[in-house]
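The values are calculated or read from the model by the stated rules, or taken from the named source; none is laboratory data. Values in this document were obtained by computation on a predicted structure and should not be read as measured data. Neighbour counts are summed over all protein chains in view; Cβ atoms, including those assigned to glycine, are modelled from backbone coordinates with ideal geometry. With ligands, DNA and RNA removed, areas are computed over all heavy atoms of the protein, side chains included. Shrake-Rupley method; radii C 1.70, N 1.55, O 1.52, S 1.80 Å.
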Amino acid sequence: MKSRASAPGKIILFGEHFVVYGVKAILCAINKRVIVTAEKITENKISIKSSIGNLVSSPKKPIEEIDNQFRPFYYLADKIIQKYNEKSGLEITINSEIPLGVGLGSSSACCVASAAAISGVFTKNSKEEILQMAIDAEKTIFPNTSGADSTVCTYGGLMQYDKKNGYSAIDSENNFDLIIANSKIRHSTKEVVSNVKLFQERNEEKFSKICNEESKLIEDVLICIKNNDLEGIGRNMIKNQEFLETIGVSNEKLRDMIKLSNKFSFGAKLTGAGNGGCIFSLTDETNLEKTIRQLKENEYECFSVKIDFRGLDTF
Ligand code: MEV
């Protein structure tokens, strides 16, 4: 029997970095997906096939012996084989439309879709159970993950998150267009987060003032989302980008892509850790094509996405 599942990628709309210091963040799922197929095989092996490579390994190996890129999927497959005391093995195939390693949630989407597909070979689980499996799997590569990405990949739509109150869905039918442009500069989230920590320690008062401003901005964004006020959301994106510039997580290429996007879109900012990765701009049918043209004429890779309201899908 084949079990299949798909999960969307995500972007952080507002609040990256400041969320680490307790400020609220707003995230949304995007309609670029990962599809995972899992199937029993007669041999007692775990086989993983993906665009970044293949792995064939026997079960029951210590997780540290497995290459980082395969760890979450090996972990999930091995766990379920042990749970059901299976003598057969599993073959897992991962296909992704989400660019890897640039802050678009490819890793979380893979974990969520894999947890659903792999467990689906044996039994049916609730979304809550699948999310917990996905977070446990993701912890084999990011031990400190907040779980925010996997949560939005599981449920889809728009979501607010803060450390104290956790996640809650933002009730919204908004379906604006977002244009994502990829700087193709790979970044280390861990490194950028520790640079921000240094900035915070050296500029305590200034940093705490920016956090307060960011909190106010986020509350205003929530009102703008409710009123479908794209200009208001765009204005806040531009302001949020200024805060991110101040704490030192931007660079020349990101600034150039943002400047080009701002010519026609409602607003643009970086998303995720910064210092590389992606920026996104907010558009609708009046300025979508013009913004894309502007970026492409300057040889930047970009594509448009919409909010994904489906979340995890099993089929
Ligand atoms: C990275 O995608 C988001 C950051 O805010 C880090 C984090 O929240 O763990 C930069």
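Of all residues in the range 10-24, those being more than 9 Å from the ligand (Cβ to nearest atom) and either among the small types (G, A, S) or open to solvent by 20 Å² or more (accessible area, probe 1.4 Å) (or both) number 3. Just checking, how many residues over the range 163-185 are under 30 Å from K253 (Cβ atoms) and not aliphatic (A, V, I, L, M)? Qualifying residue count for the region: 7. Here the helices (runs of 4 or more DSSP H) wholly within the range 104-198 that include at least 3 residues being within 13 Å of the ligand (Cβ to nearest atom) are 106-120, 148-155.
The condition of being over 28 Å from V34 (Cβ atoms) and either open to solvent by 40 Å² or more (accessible area, probe 1.4 Å) or under 21 Å from the mean Cα position of the chain (by Cα) (or both) holds for only one of N275, N227, that being N227. Scanning the range 25-40 for residues that are within 13 Å of the ligand (Cβ to nearest atom) and in contact with a Lys or Arg (Cβ under 9 Å, 6 or more places away or on another chain) returns a single hit, L27. Whenever a residue of the range 10-29 is within 21 Å of C110 (Cβ to Cβ), its partners that are within 9 Å of the ligand (Cβ to nearest atom) and acidic (D, E), lying with C-beta atoms within less than 8 angstrom and at least six residues away or across chains, give the pairs K10/D149; L27/D149.
A search for C-beta distances below 6 Å between a residue of the range 252-273 that is more than 16 Å from the ligand (Cβ to nearest atom) and any residue that is among the acidic types (D, E), counting only pairs 6+ apart in sequence or on different chains, returns F266/E231.
Per-residue answers, yes or no, for (1) surrounded by fewer than 21 Cβ atoms within 10 Å (Cβ to Cβ); (2) at pLDDT 95 or above; (3) in a loop (DSSP other than H, G, I, E, B):
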{"site": "S215", "(1), (2), (3)": "yes, yes, no"}
{"site": "E219", "(1), (2), (3)": "yes, yes, no"}
{"site": "R235", "(1), (2), (3)": "yes, yes, no"}
{"site": "Q241", "(1), (2), (3)": "no, yes, no"}
{"site": "S250", "(1), (2), (3)": "yes, yes, yes"}
{"site": "R255", "(1), (2), (3)": "yes, yes, no"}
{"site": "I258", "(1), (2), (3)": "no, yes, no"}
{"site": "S261", "(1), (2), (3)": "no, yes, no"}
{"site": "A268", "(1), (2), (3)": "no, yes, no"}
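Restricting N95, N144, N85, N165 to residues that are under 30 Å from T42 (Cα atoms), open to solvent by 10 Å² or more (accessible area, probe 1.4 Å) and modelled with pLDDT under 95 narrows the list to N85. Count of the range 283-315 residues, restricted to those that are farther than 23 Å from A109 by Cα, touching a strand residue (DSSP E or B) at 6+ places or on another chain (Cβ under 8 Å) and not in a loop (DSSP other than H, G, I, E, B), is 6.
All but one of (1) in the same structural domain as V23 (by TED's automatic domain parsing); (2) without any contact (Cβ under 8 Å) to a residue 60 or more places away in the chain; (3) within 19 Å of the chain's Cα centre (by Cα); (4) open to solvent by 20 Å² or more (accessible area, probe 1.4 Å) hold for S150; which doesn't? Failed condition: (4). Has the range 67-76 got at least one residue that is part of a helix (DSSP H, G or I), surrounded by fewer than 24 Cβ atoms within 10 Å (Cβ to Cβ), at pLDDT below 95 and away from the ligand (no atom under 16 Å from the Cβ)? There is at least one residue in the range 67-76 that is part of a helix (DSSP H, G or I), surrounded by fewer than 24 Cβ atoms within 10 Å (Cβ to Cβ), at pLDDT below 95 and away from the ligand (no atom under 16 Å from the Cβ). Could you list, in sequence order, all residues of the range 16-48 that are over 22 Å from P99 (Cα atoms) and within 15 Å of the chain's Cα centre (by Cα)? The answer is V19, A25.
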